[in-house]
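*Asks:* Would you mind keeping the following structure in view while I ask a few things?
The values are calculated or read from the model by the stated rules, or taken from the named source; none is laboratory data. If you're wondering where the values come from, they're calculated on a predicted model, not measured in any experiment. Counting neighbours? That spans all protein chains shown, and the Cβs are built from the backbone with ideal geometry, glycine included. Please note that ligands, DNA and RNA were not included when accessible areas were found on the heavy atoms of the full protein model with its side chains. Shrake-Rupley method; radii C 1.70, N 1.55, O 1.52, S 1.80 Å.
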Amino acid sequence: MSELDAAAQDRLSELPDHLLHRILRFMDARQVVGELSRLSRRWRYLWATSPYVNLQLAYNGYEKFGNLLLLLRDGMVPLHTFCLHSWYWKHFQYERRWLLHALSRGLSVLEINLGSRDCLFQLPDCIFSCATLEEFNLTATERMNEILAPRSVCLPYLKKLHLRFVRFQDPSVVEKLNSGCPALEDLSLSQCLLGSFKISSDALKILSITDCKYDGIHVSAPNVHSLKLTVSGKIQIEDMPFLVSAWVYLCDGVHNLVQGGYDLTAALISAQHLELFRFNLFLQDMVEHSAHEALSFGKLKTLYIGEWRVADFYGPFAYFLEFLQRAPSLVALTLDQWKLYEKHDGKVPSLESIGKKPKVELKLASALTRDLETLLIRLSKSDDIGEFRKARRLLKEKTKPKETDSMVLDF
């Protein structure tokens, strides 16, 4: 075969159908049907046998197109994934009809993205009784806040549930999810209105609750290995002995973990990788809470501390050294101001405005004996560089890192 013939050969069309379907699964159905079908006979009817349907409805005449697509699709092929992205603002009657059709075709993955700002979608109850569904992703808008209020929940094979801008109608919804999703492994709630939220699951492995509004959260999920939390109110986390990684952000309204009804520190002791924001509150909780005096972070390998201030080292620094003693396996420490300056548009309260914290006399155990592998510090050049150098010098003396990197950023 000559080089010209080799270049002219359509190698993509030689791929088997299942690979071509995977390539096309993320493309809008209208583009797959209307444009790619013109490439060759091989592509002309490929859409009709695809187990993936992706409808992005932001154009005129989408009702007719959606109806014909589902009507002419090969009914002998099970529908694995159905993605519905709708920006239409009137009644959603066509979208609900298509959902009913998809859910009756052995659906495994359902993704709904609602861009409407003027009316509620009102999820059909049949979504919550689909015996084949394994993954459900729902994203609404901040103004919309889609209401979650199923009459009942029976999703025996659901493993992944991701919700964004969703409002839980009442506490019974959570109870229905707990009992109706026995196989749930991955739960993500972002910018939702939760009310009183209590999750209890032995199957759950990944839990993310971020930027949500709630009255209180209680989590009983002993097999979670990945945890992500934004803490803005009372929260209770029971022991997570298999926790590997955790990301915890304490909001500005959180001032005292011990007195505020927050139970977090003890749940994090099994983590190997921690990303903590407003770390001084965790230190205060660990030192002042009598039940936490003997806590040991024996598995911790990497610690990322965000939103720290140079001024934070005046009082809590002794606490910080004690924390390091309780983490004998720590190999990497990062102190990063980037999120703090990003949040405050580059303007962080000065030392004078927040006040220097009184030094705390605390009897430390023996000096730190194990070495860090890496110590990374990022701060703004507008901060108190002199105080930063003192803190960095003391950290290097106490932790003896093999590799040190200090980045002074111009925010």
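*Asks:* List every residue pair whose Cβ atoms lie under 8 Å apart, where the two residues are 6 or more positions apart in sequence or sit on different chains, the first residue falls within segment 93-110 and is closer than 16 Å to Met76 by Cβ, and the second residue, located anywhere, is among the polar types (S, T, N, Q) and open to solvent by 20 Å² or more (accessible area, probe 1.4 Å).
*Replies:* Close Cβ pairs satisfying both conditions: Gly106/Thr132; Leu107/Thr132.
*Asks:* How about segment 90-119: which of its residues are over 28 Å from the mean Cα position of the chain (by Cα), modelled with pLDDT of 80 or more and open to solvent by less than 20 Å² (accessible area, probe 1.4 Å)?
*Replies:* Trp98
*Asks:* While we're looking at this one, here's another question. Can you give me the ranges of the strands (runs of 3 or more DSSP E) entirely in segment 137-226 with at least 2 residues that are open to solvent by 60 Å² or more (accessible area, probe 1.4 Å) and modelled with pLDDT under 95? Don't jump to the end; show me each part of the working.
*Replies:* On the way: elements: 146-148, 160-164, 166-168, 186-190, 193-200, 206-210, 213-220.
Of the strands (runs of 3 or more DSSP E) lying wholly inside segment 137-226, those with at least 2 residues that are open to solvent by 60 Å² or more (accessible area, probe 1.4 Å) and modelled with pLDDT under 95 span 193-200, 213-220.
*Asks:* Can you find, within segment 22-49, the residue that is modelled with the highest pLDDT among those that are closer than 18 Å to Cys83 by Cα and among the polar types (S, T, N, Q)?
*Replies:* Thr49
*Asks:* Pull up segment 227-243, narrow it to residues that are under 19 Å from Phe165 (Cα atoms) and either modelled with pLDDT under 90 or of a type outside the set (A, V, I, L, M) (or both), then point me to the one that is most open to solvent (accessible area, probe 1.4 Å).
*Replies:* For segment 227-243, the residue satisfying everything is Lys228.
*Asks:* Condition check: outside any loop (DSSP other than H, G, I, E, B) and modelled with pLDDT of 70 or more. Does Val254 satisfy that? Step through it out loud before you land on a result.
*Replies:* On the way: outside any loop (DSSP other than H, G, I, E, B): no; modelled with pLDDT of 70 or more: yes.
In short, no.
*Asks:* Scan segment 257-280 residue by residue and report those that are aliphatic (A, V, I, L, M) and either modelled with pLDDT of 80 or more or open to solvent by 30 Å² or more (accessible area, probe 1.4 Å) (or both). Quick ask: steps written out before the conclusion?
*Replies:* Within segment 257-280, the first condition is being aliphatic (A, V, I, L, M), and the residues that meet it are 257-258, 264, 266-269, 271, 274, 276.
Those that are aliphatic (A, V, I, L, M) and either modelled with pLDDT of 80 or more or open to solvent by 30 Å² or more (accessible area, probe 1.4 Å) (or both): Val258, Leu264, Ala266, Ala267, Leu268, Ile269, Ala271, Leu274, Leu276.
*Asks:* Provide a single number: the residues in segment 289-331 that are modelled with pLDDT of 85 or more, open to solvent by 20 Å² or more (accessible area, probe 1.4 Å) and closer than 23 Å to Lys390 by Cβ.
*Replies:* Residues flagged as modelled with pLDDT of 85 or more, open to solvent by 20 Å² or more (accessible area, probe 1.4 Å) and closer than 23 Å to Lys390 by Cβ within segment 289-331 amount to 1.
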